[in-house]
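*Asks:* First the structure, then my questions, so here it is.
The values are calculated or read from the model by the stated rules, or taken from the named source; none is laboratory data. Bear in mind that the values here come from a model prediction, so they are computed numbers and not experimental data. Virtual Cβ from ideal backbone geometry, glycine too; neighbours counted across all protein chains shown.
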């Protein structure tokens, strides 16, 4: 039978994977609560710990802002390419707007 510490570590590891898969914190809280049979408050504590893992990994790896920006640009370009390949113009436009913001060439949109 796993010890409480091992159970908690496994929950945090699973929540970290869920976050890295692109799920929002609210979705991960719901996933943890349902999967583990714990309260939402306990699931929130697990997700908070998962965020600490992610933050620690970035700090320990000494990832710089430029490196993160490069990764975000690369990922956004991939999303744009996939959107165009599947003829999803709306997603492609959203990706292009995001890319423009990332590289600092976007202009504020005026609404009538």
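*Asks:* Modelled with pLDDT of 90 or more, surrounded by 15 or more Cβ atoms within 10 Å (Cβ to Cβ) and part of a helix (DSSP H, G or I), is that true of residue 95?
*Replies:* Details: modelled with pLDDT of 90 or more: yes; surrounded by 15 or more Cβ atoms within 10 Å (Cβ to Cβ): yes; part of a helix (DSSP H, G or I): yes.
So residue 95 fits the description; yes.
*Asks:* A further question follows. Being free of Cβ contacts under 8 Å to residues at least 60 places away in the same chain, surrounded by fewer than 16 Cβ atoms within 10 Å (Cβ to Cβ) and more than 27 Å from residue 76 (Cβ to Cβ) narrows it down to one of 34, 61, so name that one.
*Replies:* 34
*Asks:* Let me confirm something: among 89, 50, which residue is modelled with pLDDT of 80 or more, surrounded by 12 or more Cβ atoms within 10 Å (Cβ to Cβ) and in contact with a helix residue (DSSP H, G or I) (Cβ under 9 Å, 6 or more places away or on another chain)?
*Replies:* Result: 50 is the single residue among 89, 50 that is modelled with pLDDT of 80 or more, surrounded by 12 or more Cβ atoms within 10 Å (Cβ to Cβ) and in contact with a helix residue (DSSP H, G or I) (Cβ under 9 Å, 6 or more places away or on another chain).
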